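The values are calculated or read from the model by the stated rules, or taken from the named source; none is laboratory data. Model, not experiment: these values are computed from the prediction. Virtual Cβ from ideal backbone geometry, glycine too; neighbours counted across all protein chains shown. Quick note on the areas: whole protein, heavy atoms, side chains included, nothing else; ligands and nucleic acids left out. Shrake-Rupley method; radii C 1.70, N 1.55, O 1.52, S 1.80 Å.
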Amino acid sequence: MIEAEIVDIKVYDVRFPTSMWKVGNDSLHMNPNHSCTYVIIHTNTKYKGYGITATLGRGNEFVVQTCKLLFKFVKKRTTTEIYSNFASFWRQLTTDVELRWLGVECGVVHLATAAIVNALWDLWARIEDKPVWKLLMDMTPEQLVSTVDFRYIRDVVTEEEAIEMLKKDQSRKEERKKILESKGHPAYTADIGWSFDNQKLRSACKKFKKLEFKEYKTCVGPTIPVSSKKCKLIRNVVGKRSDKILIVDANQCWDKQEAISSVKGFNESRPYCIEEPTSPDDVLGHIAIQAALKELKYPVQVSCGETCANRVLFKQFLKFGGIDFWNINVGRLGGVNEALAVYFMAKKHSIPVWGHAGGVGLGEMIQHLQIWNFICLSEFTDIKIEYSSHQHGYFEDPVFIRNAAYLLPNRPGFSTQLKDKCIMRWSYPEGTRWKYLFVTRRSKSKLSYKKK
């Protein structure tokens, strides 16, 4: 490995006015501006690392400032020092005495951790001249497991068990890789999920049906009649055959009994699963919802993970149940290292893992982990990655979809580098496009202070 010293960090508050375009919203998160905290790690060589965590606009400035506070743990470290004991470094980053008190591996501090950690993985892959999925695939089982902090989860999976999992499936790696090179990784569309009017919803359904998608995700709530009408409209357009799968997402807007009653109300539309039916922290609520939905005329599975803050919460679901499959958000967990911990827990307990991609840069990142999971770890072949078509054009290495599948990225890195024009236009609040929106009074700054 090239020995490089980390010398500087640049952090950008990047926001898009998606509230004006009526995309990216749902029953609970009305009119958000999809955003990201964008980190660039500079070294004393030509190599840089680019990292992202996704937010919904207001408050993104807190994540930006926290990244700058966390940089003291990264500055003057060498790549050899970090990557030779990545798990130990990750623990140092998440165990600062004062910052940890603001939220134990959750909230703003953990989002900032994700941005920095993801930038470090991007840097590592660029140094090795590989995409992240290939970097993970080529590691020895021992080396890969050494990047994961198993504190708090050894009662569910241990380092030795994770190493054995990887060794057991070594022989199939090339075969699985050839499948993805030929067909890509299966995707489902979430672009019919926003708060569209009926005409726009029909158009979106027709578009993705023509593009040969078989799984369609939409947001439901807040009332049973609204949800039922929306599901029926989608079914009328995409078809009622069993190979056309309807996924519904409540985005945490219901309590336990509301979730059960609501899904019963639109069960005739045969939803495959309900995602985030209630609070992501309510393990007991998910258990009750899962049990009730299994008894319906058309049984409905339960999924969550998009807003699960850390590996410990995933452990609770493993211990007690309540979830049929997980959706991993690598911008919500503490970056790649913690996501790998969740994959190992899921593997041991035969839980399918899908990839969450409903935010800026999330699709670019999660494709790498899902590709690695399919090739090296998962026993399942029907796992999916969410696809939303927005903001990919601002990335140097955007996702590519063909025949409703993610094509394997082949450029070095984590696919997280934004184009310079994106920073120039959409940095908040000084980007040229934001200044225009402020001057024309189509938007106003939500920052309560002036940047120096």
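At-a-glance table
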read-out	value
Qualifying positions in the stretch 1-44 - within 16 Å of Ile82 (Cβ to Cβ) and touching a strand residue (DSSP E or B) at 6+ places or on another chain (Cβ under 8 Å)	Glu3, Ala4, Glu5, Ile6, Val7, Asp8, Ile9, Val39, Ile41, His42, Thr43, Asn44
Identity of the residue in the stretch 207-224, open to solvent by 20 Å² or more (accessible area, probe 1.4 Å) and touching a residue at least 60 places away in the same chain (Cβ under 8 Å), that ends up nearest to the chain's Cα centre (by Cα)	Lys214
Neighbours by Cβ (under 6 Å, 6+ apart or cross-chain): first from the stretch 180-202, among the acidic types (Asp, Glu); second open to solvent by less than 20 Å² (accessible area, probe 1.4 Å) and modelled with pLDDT under 95	Asp191/Ala204; Asp191/Ser388
The stretch 1-17, subset among the hydrophobic types (A, V, I, L, M, F, W, C) and not in a loop (DSSP other than H, G, I, E, B), residue surrounded by the most Cβ atoms within 10 Å (Cβ to Cβ)	Val14
Considering residues of the stretch 157-201 that are in a helix (DSSP H, G or I) and of a type in the set (Ser, Thr, Tyr) only, the residue least open to solvent (accessible area, probe 1.4 Å)	Ser182
Some residue of the stretch 254-270 being within 29 Å of Ile401 (Cα to Cα), in contact with a Phe, Trp or Tyr (Cβ under 8 Å, 6 or more places away or on another chain), buried (at least 17 other Cβ atoms within 10 Å of the Cβ) and at pLDDT 90 or above	yes
Leading residue by the ranking (farthest from Lys444 (Cα to Cα)) among those in the stretch 18-30 that are surrounded by fewer than 19 Cβ atoms within 10 Å (Cβ to Cβ) and either modelled with pLDDT of 95 or more or within 20 Å of the chain's Cα centre (by Cα) (or both)	Leu28
Residue in the stretch 428-443 that is modelled with pLDDT under 95, in a loop (DSSP other than H, G, I, E, B), among the hydroxyl-bearing types (Ser, Thr, Tyr) and open to solvent by less than 50 Å² (accessible area, probe 1.4 Å) present	yes
Whichever residue in the stretch 83-100 is over 24 Å from the mean Cα position of the chain (by Cα) and of a type outside the set (Ser, Thr, Tyr) and, among such residues, is nearest to Ser146 (Cα to Cα)	Asn85
Single match in Ala259, Ala187 (criterion: under 25 Å from the mean Cα position of the chain (by Cα), of a type in the set (Gly, Ala, Ser) and under 30 Å from Asn410 (Cβ atoms))	Ala187
Residue check, Ala288 without any contact (Cβ under 8 Å) to a residue 40 or more places away in the chain, over 30 Å from Ala162 (Cα atoms) and hydrophobic (A, V, I, L, M, F, W, C)	yes
Residue, nearest to Leu333 (Cα to Cα), within the stretch 105-155, restricted to residues that are among the small types (Gly, Ala, Ser) and either open to solvent by less than 10 Å² (accessible area, probe 1.4 Å) or assigned to a loop (DSSP other than H, G, I, E, B) (or both)	Ala114
Test for Ile323: is it touching a residue at least 24 places away in the same chain (Cβ under 8 Å) and either open to solvent by 10 Å² or more (accessible area, probe 1.4 Å) or part of a loop (DSSP other than H, G, I, E, B) (or both)	yes
Selection from the stretch 161-187 of residues that are under 23 Å from Gln316 (Cβ atoms) and of a type in the set (Asp, Glu)	Glu161
Checking Glu379 against (1) of a type in the set (Asp, Glu); (2) open to solvent by 30 Å² or more (accessible area, probe 1.4 Å); (3) closer than 24 Å to Ile127 by Cβ, the condition it does not meet	(3)
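One line per residue, one yes/no per condition, for (1) within 27 Å of Tyr406 (Cα to Cα); (2) over 20 Å from the mean Cα position of the chain (by Cα); (3) surrounded by fewer than 23 Cβ atoms within 10 Å (Cβ to Cβ):
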{"site": "Cys205", "(1), (2), (3)": "yes, yes, no"}
{"site": "Arg235", "(1), (2), (3)": "yes, yes, yes"}
{"site": "Asp243", "(1), (2), (3)": "yes, yes, yes"}
{"site": "Glu275", "(1), (2), (3)": "yes, no, no"}
{"site": "Asp281", "(1), (2), (3)": "no, no, yes"}
{"site": "Tyr298", "(1), (2), (3)": "no, yes, yes"}
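Conditions (1) under 20 Å from Lys319 (Cβ atoms); (2) assigned to a loop (DSSP other than H, G, I, E, B); (3) touching a Leu at 6+ places or on another chain (Cβ under 8 Å), marked per residue:
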| position | (1), (2), (3) |
| --- | --- |
| Leu284 | yes, no, no |
| Ile287 | yes, no, no |
| Gln290 | yes, no, no |
| Leu296 | no, yes, no |
| Val302 | yes, no, yes |
